[in-house]
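Shown next, in structure tokens, is the structure this report addresses.
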Amino acid sequence: HSFPTRRSSDLDEKPYSDSWGRFYSAYSPIFDSHGQVTGVVGLDFSAEWYEMQIRQHTMSIGVISILSVLIGAAVMVLITSKLRHKFKELEHGLSALAKNVDELTEEITSNPGYKESLGDGAAPAQIVESEDFDDEIEALGDKINSMQHELERYLLYVHAQAYTDSLTGVGNTNGYQEELKRLNEQITRGEADFCAAVFDIDNLKIVNDQYGHACGDSIIRGAGRAIAGVFGKERTFRIGGDEFIAIPLKMTEEEANAKLLEIEAVIAGFNASPDHPAAVLSLSMGAAAYRPGKDSCFREVFVRADEAMYAAKGEHHRRASVMRVM
């Protein structure tokens, strides 16, 4: 063999054979202090030993690879099995949730008053059951969205019921108290501009005693329609069995009194109607306007309107007494 002339180690790419057997040779140069090659170290090793080492390493790598694949497959089977079990539990949970959503939606939409308030009477569409897990999740999402929409409509309905008088359809005492709070805040800020018109149904107790409460209810409904028809339903409140109040905005006392005359005309038409109940509807009315810089709260305006109403009621009783004498 010829020694390498390169300044680096070298190794035979192929084994050589002699009388001693098959060998690979490796060479490495030796350098002096000046970096010059002064000698070469050579090493021979058995080709059979080297090739056996390669085969053993190759076999070890193959065995490790196979074992890794088998272990990985076993882990995947275990994970898949657990995931399948979890997905099955989730599927049952989704089915139960979907059933609960249906029941809750049905509970909401079964309220007769709520059905009437919808107009179209539309209820959320029923979702067809699916065997596909993704489709089932999508269907449940649609169902929940539908229920959320229904809840929003139902909350609006409940809110309206909480602030609406069930007999007349005008605002109730809850709505009235909310309006008082808002007006008093406006008075504090110096932004208020309103009138208060107070109404009292004359002789309602006598009507109930003589003609029954059904007739009395008709009288109350007629009064509510008359007041709301002139001042607006959103500005009219029933604050007692026979008491109403209207709170128009940006209206002078003179304009409010003119509106009271309109209500009297509406009542005359109500009493003249062939559908009129057995008793006669009569309202005592009084109005007062907010005085900026003088009235410190809504109560002061209400008291003046109430006094005007009682003055009108006294005049009504005086005229009724004169008619009885005549």
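Pop a pseudo-label 7 angstrom from the Cα along the beta-carbon direction at both Val303 and Tyr16 and give the gap in nm to one decimal.
Modelled inter-label distance: 12.9 nm.
Given a Förster distance of 56 angstrom, what is the FRET efficiency for Gln56 paired with His92, based on the Cβ-Cβ distance and rounded to 0.05?
0.55
For the stretch 167-326, restrict the atom set to alpha-carbon positions and state the Rg and Dmax in Å.
16.1, 54
Dipole magnitude of the stretch 204-291 about its Cα centre, charges +1 at Lys/Arg Cβ and -1 at Asp/Glu Cβ only, in debye to the nearest 20?
Here the size comes out at about 240 debye.
Need the full-extension length gain, Ser28 to Val40, defined as separation in residues times 0.36 nm minus the C-alpha distance. One decimal, nm.
The span from Ser28 to Val40 would gain 3.8 nm if fully extended.
If r is the Cβ-Cβ distance from Glu262 to Tyr310 and R0 is 30 Å, what FRET efficiency results, to the nearest 0.05?
Details: r = 21 Å, r/R0 = 0.71.
After rounding to 0.05, the efficiency reads 0.90.
Order of 194-201, 216-223, 35-42 by packing, highest average Cβ count within 10 Å first? The partial results should precede the final answer.
Values: 194-201: 24.4, 216-223: 21.8, 35-42: 10.9.
So the order, starting with the most tightly packed, is 194-201, 216-223, 35-42.
Sort 22-33, 274-285 by packing, meaning the average of other beta carbons within 10 Å per residue, with the highest value first. Can you show the working numbers first?
On the way: 22-33: 13.7, 274-285: 16.8.
Sorting 22-33, 274-285 by mean packing, highest first, produces 274-285, 22-33.
Full extension from Ile66 to Leu167: what is 0.36 nm times the residue separation minus their Cα-Cα distance, to one decimal in nm?
Between Ile66 and Leu167, full extension yields 28.0 nm more.
How many nm separate the modelled label positions at Asp209 and Glu255, each set 7 Å beyond the Cα in the direction of the Cβ?
About 4.2 nm, to one decimal.
Every number in this text was worked out from the coordinates using simple rules, so none of it is lab data. Keep in mind that what you see is a predicted model, and the values were worked out from it rather than measured. Reconstructed Cβ throughout: ideal geometry from the backbone, glycine too, with neighbour counts over all protein chains shown.
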